[in-house]
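Visitor: What follows is a structure written as structure tokens; I'll ask about it next.
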Amino acid sequence: MTTLSIAEDFSPFPAGRFRTDGPYPGEAFREHLVKALAENQRVTVQLDGTAGYGSSFLEEAFGGLVRLEGFTSAELHEQLIVESSDPSLVVEVWSYIDDAVAEAKK
Amino acid sequence: MKKLTDERRAYNIRVTAKRTARNASTRRAQRHGATAADTGRQGRKRAPERLAAPEHFDVNTAGTRAELTAFLRRLRSLAIDQDMKVKIDFRATTQMRVAGTLLLAAEIDRINALTKDGRVTCTYPRDAVVAQVLEHVGIFEMLGQRRTTKITHETVKYWKVDSGDTVKGERAHHAIEAYKDRFSDPKRKAMYRALTEAMTNCRQHAYPKHRKELVRNWWMFSQFKDNQLTVGLGDLGIGIPDSLREDEAGLLGPIMELLRALHMSPHDGNLIQSAMKISKSRTKEQHRGKGLADMRRVLDGLKGTLQIHSRRGFYAYDAATGRERCTNFKKSMSVAGTLVLWVIPMAQPEGAS
């Protein structure tokens, strides 16, 4: 079990989708997350402490786990915990994962 | 063959001598850093073209928008297309709003980056507040204006300016952090989302690779005045309507469906409005295309207003009333690129009466 704090382990200013967008995009964070998921049975991602999040960052970081890294819904529900003092952010993150799962089934 | 007369021979010698002297003068001037814009055909330094700046640097009314876009178009034409030196005459300018000032700064910044010879200069404005704005946001520095201006006016002190070509969350954070005593934490996070999504949109869609643009920047201005924060983020790219038509985010299909269903024509204003409504595309790129809708949805929590000026299109949304409007302007009033403006009412600082 491990905890990944985006603010402390990645950047307090996450923004953008792809590596070509800027220094701390969703694609780059997803690489940290995939490594943590490979090395741990459970990973908690802590969203607090950053300046905020855009949809591009969150969708690429979390929706990309399904779309590009091949994780299934069952695997992520088993392994991934998303924490935030703002419950709407947690709902948003899981909606991107669920949307990616639905899209993959088409 | 005709024989050359003595008169004709003397004339030819004089013309050749003058041409030789002119070419030598041009070469001497160019060795000292002169450009084609300076020397012209005569090989002498050419006086700059004077260009009167509009009274209002604003896009909020049809009149001010028409004047500003005409001025910027002329500036671009003189400095880039016609390769000329230009002196902007600010003496009649009395008002600098965020949108207009941002568009001016972007245009001058781009001209300077492309030409690198400081060909655009300016006269000093008569209006003291205008002078302070131009000083504070760095436009005087861009124009090589040597006279320095002390910043004393209350509203000018709160102008913040930034530009870049990548998505830098830290920059968005700093633009908002200056007002943190008036901005609750959820509101700051919402504004951070809106700004970083606008930067991401610029980075991904404003300057498509096939256009070979040398300057791919966004410019960001913010101003606090009368308990209201105005934040603008703009670029000089292809504009939202054309980027939708190029369909990189896969939104064009759903947008055209929506416009057909509503019996609306696909002009620039309607395209922007439809793109705001559609947060999910119905193509294989469903995970993209959320940025525009994000900018508006974020505003609901802020109870502010959003304006988008892009090419001929204009879109406005008032979160307090839920009212939207869009306009398609004449081609002569087209804004180069895209400008997103948020106007947000802000609370009194803690402890204020």
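Visitor: From A:Leu76, A:Leu33, A:Leu37, grab the single residue that is without any contact (Cβ under 8 Å) to a residue 24 or more places away in the chain and surrounded by 20 or more Cβ atoms within 10 Å (Cβ to Cβ).
Guide: On inspection, the qualifying residue turns out to be A:Leu76.
Visitor: State all residues of the stretch A:31-65 that are within 8 Å of another protein chain (Cβ to nearest Cβ), assigned to a loop (DSSP other than H, G, I, E, B) and small (Gly, Ala, Ser); if no residue qualifies, say none.
Guide: A:Ala51, A:Gly52, A:Gly54
Visitor: Another question, if that's okay. Checking B:His210 against (1) farther than 25 Å from A:Glu27 by Cα; (2) more than 13 Å from every other protein chain (Cβ to nearest Cβ), which single condition isn't satisfied?
Guide: With respect to (1) farther than 25 Å from A:Glu27 by Cα; (2) more than 13 Å from every other protein chain (Cβ to nearest Cβ), B:His210 is out only on (1).
Visitor: In addition: Can you name the number of the only condition in (1) in contact (Cβ under 8 Å) with a residue 24 or more places away in the chain; (2) assigned to a helix (DSSP H, G or I); (3) closer than 27 Å to B:Gly301 by Cα; (4) among the hydrophobic types (A, V, I, L, M, F, W, C) that A:Phe13 fails?
Guide: Among (1) in contact (Cβ under 8 Å) with a residue 24 or more places away in the chain; (2) assigned to a helix (DSSP H, G or I); (3) closer than 27 Å to B:Gly301 by Cα; (4) among the hydrophobic types (A, V, I, L, M, F, W, C), the lone unmet condition for A:Phe13 is (2).
Visitor: Now for a separate question. Identify, from the list A:Ala28, A:Ala7, A:Ala104, the residue that is within 14 Å of chain B (Cβ to nearest Cβ), part of a helix (DSSP H, G or I) and under 23 Å from B:Val298 (Cβ atoms).
Guide: The unique qualifying residue is A:Ala7.
Visitor: Can we say B:Gly250 is assigned to a loop (DSSP other than H, G, I, E, B) and either at pLDDT 90 or above or of a type in the set (S, T, N, Q) (or both)?
Guide: no
Visitor: Out of all the residues in the stretch B:328-350, which are β-branched (Val, Ile, Thr), modelled with pLDDT of 90 or more and under 16 Å from B:Thr305 (Cα atoms)?
Guide: Of everything in the stretch B:328-350, those that are β-branched (Val, Ile, Thr), modelled with pLDDT of 90 or more and under 16 Å from B:Thr305 (Cα atoms) turn out to be B:Val340, B:Val343.
Visitor: Among the candidates A:Glu60, A:Glu69, which residue alone is over 17 Å from A:Ser11 (Cα atoms) and at pLDDT 95 or above?
Guide: Answer to the selection: A:Glu69.
Visitor: Looking for something β-branched (Val, Ile, Thr) and out of contact with any strand residue (DSSP E or B) (no Cβ under 7 Å at 6 or more places or on another chain) - is there at least one such residue anywhere in the stretch B:96-114?
Guide: The answer is no; no qualifying residue exists.
Visitor: Whether any residue in the stretch B:103-120 is more than 14 Å from every other protein chain (Cβ to nearest Cβ), within 19 Å of the chain's Cα centre (by Cα) and in a strand (DSSP E or B) is what I want to check.
Guide: Yes, some residue in the stretch B:103-120 is more than 14 Å from every other protein chain (Cβ to nearest Cβ), within 19 Å of the chain's Cα centre (by Cα) and in a strand (DSSP E or B).
Visitor: Can I ask one more? Within the stretch A:90-97, is even one residue within 22 Å of B:His173 (Cα to Cα), of a type in the set (Asp, Glu), within 11 Å of another protein chain (Cβ to nearest Cβ) and loosely packed, with under 14 Cβ neighbours inside 10 Å?
Guide: no
Visitor: Something else: Take the stretch B:298-343 and flag every residue that is among the hydrophobic types (A, V, I, L, M, F, W, C), in contact (Cβ under 8 Å) with a residue 12 or more places away in the chain, farther than 22 Å from B:Gln204 by Cβ and not in a helix (DSSP H, G or I).
Guide: Listed by number, the residues that qualify are B:Phe314, B:Ala319, B:Ala320, B:Cys326, B:Phe329, B:Val343.
Visitor: Please count how many residues of the stretch B:169-198 are within 12 Å of chain A (Cβ to nearest Cβ) and out of contact with any helix residue (DSSP H, G or I) (no Cβ under 7 Å at 6 or more places or on another chain).
Guide: Residues that pass the stated criteria total 6.
The values are calculated or read from the model by the stated rules, or taken from the named source; none is laboratory data. Bear in mind that the values here come from a model prediction, so they are computed numbers and not experimental data. All Cβ positions, even for glycine, are placed from backbone atoms using ideal geometry, and neighbour counts span all protein chains on display.
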